[in-house]
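**Student:** Can you keep this structure in mind? I'll have questions shortly.
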Amino acid sequence: MTTLEERPATAHDGAVRTLLRMRVREGCEQAFEDAWREAAAQIAAVPGNVKQELLRDTADPRTFLVAADWADRAAVDGFGRSAARETLTAALRDLREDADRSTFEVLYGITGGEQASHVRVDISTRVAPGEEEAFERAYAIVTDRLRGTKGLVREELLREPDSDLYHIFAEWESDEDFRNWVEDPSHADQSGPLIRWLSVFFQRKLYEIRFRPQEAGVRGVRAAAPAPAAAPADAATVAAPVAPAPRTEAVVPPPAPAGDARPPVAVRTRTAAEVLVVGAGPAGLTAGIELARRGVAVRVVDKRPEASSQADKAIGIHCRTMEIWEDQGVVTEAMDAGSWLHGQTVFVNGRQTHQVDWSGLDELPYAHLGLPQYETERILGGRLRALGVEVERGVELTGFTQDDEGVTATLAHADGPVEEARVAYLVGADGASSAVRAALGLTFEGGLSMFPQLFMLGDVDVDWEMPPGHLVRWVRIEDDGDFTGMLVCVPLRGRNRYRVATLAPQRLRDTIGSGVVPPGFWKEYDPPGLADIQAAIDDLGPAGTTASNLRWASIFRVKHGIVDRYREGRAFVVGDAAHLHPPAGGQGMNTGIQDAWNLSWKLALAVRGEAAPGLLDSYDAERRPAGRAIVDRAVAIAFTDEMDMEDEKAQFLLEMQMTMNYAGSPLVGEEAGRRGFDGGPEPGHRAPDVTGLRRFGVAHDLRVFDLTRGPHATLLLSADASVGAEELEEFEELAAALRRDTRGQVRPYLVAGPGAVVPPLVELPVLTDPDDRFRAAYGITERGAAAYVVRPDGHVGFRSRPVREDALREHLAGVYAV
């Protein structure tokens, strides 16, 4: 049973709150409410019970929360031994699916609020050790600012003892009042001191108050109400299991305005396709490349008549993306077109607080590259063209339907005709204003998605003296912890040329930046002028700096967040269609590329009928948690002085997505015997490169990436001098069988350590590792053999020590139709 500490500033002496969350059986909702009302009369008579209320989750009408306030902990213990507890347990036992209970110590009591429309909101966030006092002080400032907010009745700050988890438990007069406050841009100003804690870990749950009995009896019993409407798009659902929504058969975006209607004239499909990718940005082009590499007939369409040819928002190319481009064969062209970013310098309130040099990190196969998005699209588009696929421009998706066999998409061509295209799968890579996302009814949730922001970007020359190649960031934080300004400057190719990103000036925030916007909102406005960029530098940058030669500028409004699911039937979303980020940290484009990298190899197997039944489900299971973490991290980078990690190298590796992993995926695992692994890449983590390998007939050294490069998975078998010839011959038989059973999707190799004696092998290619680098990098420090399966996306799918054929086959059966 979890307890929550009372906060001394506002707590009642010894007061305790218990929360019992239950999910009832389908069709038993009203019976549950009636049973609880009867039991509540007995509970109210238990000594020490102050008050109770029954709350209902607006996102899942079958989930209820029973909240009770007690005079002290002894009263709670007394209730646990009372007949009233037994009555409650017996009354609800057959009506519920499950339950969990935690105990909260309250800050101040709950009175009033008997109106049937009232709702409770539980906002939880984590606070790092040592920051508790600052967080509580910031919370006090925010509560003072919120006085008089329409519809806010009261709220409490709760903390779980021996934990970093806090809860803000608030009561509002109605769901509408709460949503109006959330959508109001002034919300960000009111909540400014808390932003740094509401960005990295954040959850919100919304409950409808169903019943609140009198302290010494039952009163105010409300009539049965219909099931509440769906929760607001950005309210997170509770952690109880929720039945999946019925599958959508017909999916059609909202109709276009009458003046934009096109005659339904059929045109012939250009080429029979198995997958349709909507959107030719970096994520869509990556999906197209990966599908085409695997022989899938793919079409890539984009409603833009021309490819981008001038500055775009995304610049930074992360190290992990560079590894992907090496695999795709475009990394050299990207390096030739870009410029290296050498480090980062951070100023807080005008004082330099951090300066990090990114060069010389052994863990990095590539440095951080600066490359405008239009160049990225040019390079990826050229690679796609070389694979025989041309982007079809001026083609817009206007609707689609799906069934058990495929998707029928309606495509409107710029010159008038409308086409119906039949494909097996649809990938929505159509950006922030995604038609695929809207048609599927995907909703944004979580994190700072509730804070709409107006950003200003510009490419200018500046006359300051900063370390060459350094990303420079200024942040202003007031004495009370309020975040009041940010300026991020990324060096571009050229002398003293930078991309400047900052919040738009107040005059624009008061006009185009005002008003309620939905989650996932994105809109671009008339660009700012050089004077606006100069004013931002004057406000936050070094004194006396002059900006000149404005080449490109943009103002856009975005509401950060991530959709509630990445897949619906045979349709998927990637990139900005799935998650929206602030324009700082370079996270958005790189994350979208990795979405497509993760999805495409799985989709290709499914198209060919070679995928295990649950393989496509792993896309959401792997990429959505990664996406959420990256969104939160990007917000923290943009809106706080977040450079406080003790290990700045670890922070940089995280930001470059080198340590992003799928450790919790159902698709990965290991079989470690008594000896196990001494470090090395864990299941779901990126498989590292190793140099210095040798192969007969090749004059130069080889790398592990030479073996894993390409659209296949790789089985790496490791043997040292203790492994005998008989065991190695068994490995050869295993390798041949797995290659055959997976139709060549798995390529096996033996990496032999120093002193290993390898008999002639025909079906198992052999490389030698004279310096034993592979075993050191992969955590194989003791004698004997081991096996690693590296997935097509370069992550460890499985590892085994000793090598067990049954375990390897069980893992591969979860990936391939073997």
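**Student:** So which strands (runs of 3 or more DSSP E) are wholly in segment 388-442 and hold at least 1 residues that are modelled with pLDDT of 95 or more and more than 27 Å from the chain's Cα centre (by Cα)? So that I can check it myself, show each step before the final result.
**Tutor:** Working: elements: 395-402, 407-413, 418-423, 425-428.
Because the criterion is at least 1 residues that are modelled with pLDDT of 95 or more and more than 27 Å from the chain's Cα centre (by Cα), the strands (runs of 3 or more DSSP E) in segment 388-442 that meet it are 395-402, 407-413, 418-423.
**Student:** Which of the residues belonging to segment 384-428 are open to solvent by 30 Å² or more (accessible area, probe 1.4 Å), over 23 Å from Ile289 (Cα atoms) and of a type in the set (A, V, I, L, M, F, W, C)?
**Tutor:** Result: Ala414, single match.
**Student:** Now for a separate question. State yes or no: is His700 open to solvent by 20 Å² or more (accessible area, probe 1.4 Å) and in contact with a His (Cβ under 7 Å, 6 or more places away or on another chain)?
**Tutor:** No.
**Student:** Any residue at all in segment 782-803 that is touching a residue at least 60 places away in the same chain (Cβ under 8 Å), over 30 Å from Gly614 (Cα atoms), open to solvent by 50 Å² or more (accessible area, probe 1.4 Å) and more than 31 Å from the chain's Cα centre (by Cα)?
**Tutor:** Taking segment 782-803 and keeping what is touching a residue at least 60 places away in the same chain (Cβ under 8 Å), we get 782-803.
Adding the requirement that they be over 30 Å from Gly614 (Cα atoms) leaves 782-785.
Pick out the ones that are also open to solvent by 50 Å² or more (accessible area, probe 1.4 Å) and you get 782-783.
Going one step further and asking which of them are more than 31 Å from the chain's Cα centre (by Cα), we end up with 782-783.
Yes, there is a match, as at least one residue in segment 782-803 is touching a residue at least 60 places away in the same chain (Cβ under 8 Å), over 30 Å from Gly614 (Cα atoms), open to solvent by 50 Å² or more (accessible area, probe 1.4 Å) and more than 31 Å from the chain's Cα centre (by Cα).
**Student:** With respect to the numbered conditions (1) at pLDDT below 70; (2) over 30 Å from Ala140 (Cα atoms), which one is the sole condition not fulfilled by Ala15?
**Tutor:** (2)
**Student:** Let me ask you something else. Assuming Glu670 fulfils every condition listed in (1) open to solvent by less than 40 Å² (accessible area, probe 1.4 Å); (2) among the acidic types (Asp, Glu); (3) within 18 Å of Val815 (Cα to Cα) apart from one, which condition is it?
**Tutor:** All conditions pass for Glu670, except number (1).
**Student:** Moving to a separate point now. Can you tell me which residues in segment 356-373 are part of a strand (DSSP E or B) and at pLDDT 85 or above? Reasoning before the result, please.
**Tutor:** Residues of segment 356-373 that are part of a strand (DSSP E or B), as a first pass: 356-357, 368-370.
Those that are part of a strand (DSSP E or B) and at pLDDT 85 or above: His368, Leu369, Gly370.
**Student:** Another question, then. Could you grab me the full set of residues in segment 340-363 that are open to solvent by less than 30 Å² (accessible area, probe 1.4 Å) and either within 23 Å of the chain's Cα centre (by Cα) or polar (S, T, N, Q) (or both)?
**Tutor:** Gln344, Thr345
**Student:** Determine whether Leu707 is crowded, with 17+ Cβ neighbours inside 10 Å, in a strand (DSSP E or B) and either over 29 Å from the mean Cα position of the chain (by Cα) or among the small types (Gly, Ala, Ser) (or both). It would help to see each step written out before you state the result.
**Tutor:** On the way: crowded, with 17+ Cβ neighbours inside 10 Å: yes; in a strand (DSSP E or B): no; either over 29 Å from the mean Cα position of the chain (by Cα) or among the small types (Gly, Ala, Ser) (or both): yes.
No; evaluated as a whole, the condition is false for this residue.
**Student:** For segment 558-566, state whether one or more residues are in contact (Cβ under 8 Å) with a residue 24 or more places away in the chain, over 20 Å from the mean Cα position of the chain (by Cα) and open to solvent by less than 20 Å² (accessible area, probe 1.4 Å). I'd like the intermediate steps shown before the answer.
**Tutor:** Initially, segment 558-566 is screened for residues in contact (Cβ under 8 Å) with a residue 24 or more places away in the chain, giving 558-566.
If we keep only those that are over 20 Å from the mean Cα position of the chain (by Cα) as well, we get none.
Within segment 558-566 (the criterion being in contact (Cβ under 8 Å) with a residue 24 or more places away in the chain, over 20 Å from the mean Cα position of the chain (by Cα) and open to solvent by less than 20 Å² (accessible area, probe 1.4 Å)), the answer is no, since none of the residues qualifies.
**Student:** What number of residues in segment 583-625 are closer than 30 Å to Leu487 by Cα and open to solvent by less than 10 Å² (accessible area, probe 1.4 Å)? Explain how you work it out, then say what you get.
**Tutor:** Start the filter on segment 583-625 by keeping residues that are closer than 30 Å to Leu487 by Cα, which leaves 583-595, 623-625.
Now drop any that are not open to solvent by less than 10 Å² (accessible area, probe 1.4 Å), which leaves 584, 587, 590-595, 623.
Here the count works out to 9.
**Student:** Something else now. Which residues, taken from segment 368-380, are open to solvent by less than 40 Å² (accessible area, probe 1.4 Å) and more than 20 Å from Arg495 (Cα to Cα)?
**Tutor:** Across segment 368-380, the qualifying residues are Thr376, Glu377, Ile379, Leu380.
**Student:** Which pairs turn up if I take residues in segment 324-347 that are over 27 Å from Arg385 (Cα atoms) and look for partners that are β-branched (Val, Ile, Thr) with beta carbon separation below 6 Å, at least 6 apart in sequence or on another chain?
**Tutor:** What qualifies is Gly343/Val356; Gln344/Val356; Thr345/Val472; Val346/Thr353.
**Student:** Return the pairs, sorted by first residue and then second, in which the second residue is open to solvent by 60 Å² or more (accessible area, probe 1.4 Å), the first residue lies in segment 140-152 and is closer than 18 Å to Arg179 by Cα, the beta carbons are less than 6 Å apart, and the residues are 6+ apart or on different chains.
**Tutor:** Listed by first residue and then by second, the contacts come to Gly151/Glu173.
**Student:** Restricting to strands (runs of 3 or more DSSP E) lying wholly in segment 504-578: which have 3 or more residues that are in contact with a strand residue (DSSP E or B) (Cβ under 8 Å, 6 or more places away or on another chain) and modelled with pLDDT of 90 or more? Give the steps one after another, and end with the answer.
**Tutor:** Values: elements: 522-525, 547-559, 561-563, 571-573.
Here the list reads 547-559, 571-573.
**Student:** Still on this model: Might you check whether a residue that is modelled with pLDDT of 80 or more and small (Gly, Ala, Ser) occurs anywhere in segment 178-199?
**Tutor:** Within segment 178-199, the first condition is being modelled with pLDDT of 80 or more, and the residues that meet it are none.
No: segment 178-199 contains no residue that is modelled with pLDDT of 80 or more and small (Gly, Ala, Ser).
**Student:** Could you list, in sequence order, all residues of segment 710-733 that are over 15 Å from Leu761 (Cα atoms) and open to solvent by 30 Å² or more (accessible area, probe 1.4 Å)?
**Tutor:** Passing the criteria: Pro711, Ala721, Ser722.
**Student:** Now a separate question. Can you tell me which residue among Leu599, Leu603, Leu615 is part of a loop (DSSP other than H, G, I, E, B), over 25 Å from Leu492 (Cβ atoms), within 21 Å of the chain's Cα centre (by Cα) and modelled with pLDDT of 95 or more?
**Tutor:** On the way: Leu599 fails: part of a loop (DSSP other than H, G, I, E, B); Leu603 fails: part of a loop (DSSP other than H, G, I, E, B).
Result: Leu615 is the single residue among Leu599, Leu603, Leu615 that is part of a loop (DSSP other than H, G, I, E, B), over 25 Å from Leu492 (Cβ atoms), within 21 Å of the chain's Cα centre (by Cα) and modelled with pLDDT of 95 or more.
**Student:** Suppose we filter segment 743-753 for residues that are surrounded by 21 or more Cβ atoms within 10 Å (Cβ to Cβ) and in contact (Cβ under 8 Å) with a residue 60 or more places away in the chain; how many remain?
**Tutor:** 2
The values are calculated or read from the model by the stated rules, or taken from the named source; none is laboratory data. Since we're looking at a predicted model, the values are computed, not measured. No Cβ is skipped: glycine too gets one built from the backbone with ideal geometry, and neighbour counts run over all protein chains shown. Each accessible area value is taken on the protein alone, full model and side chains, heavy atoms only, with ligands, DNA and RNA left out. Shrake-Rupley method; radii C 1.70, N 1.55, O 1.52, S 1.80 Å.
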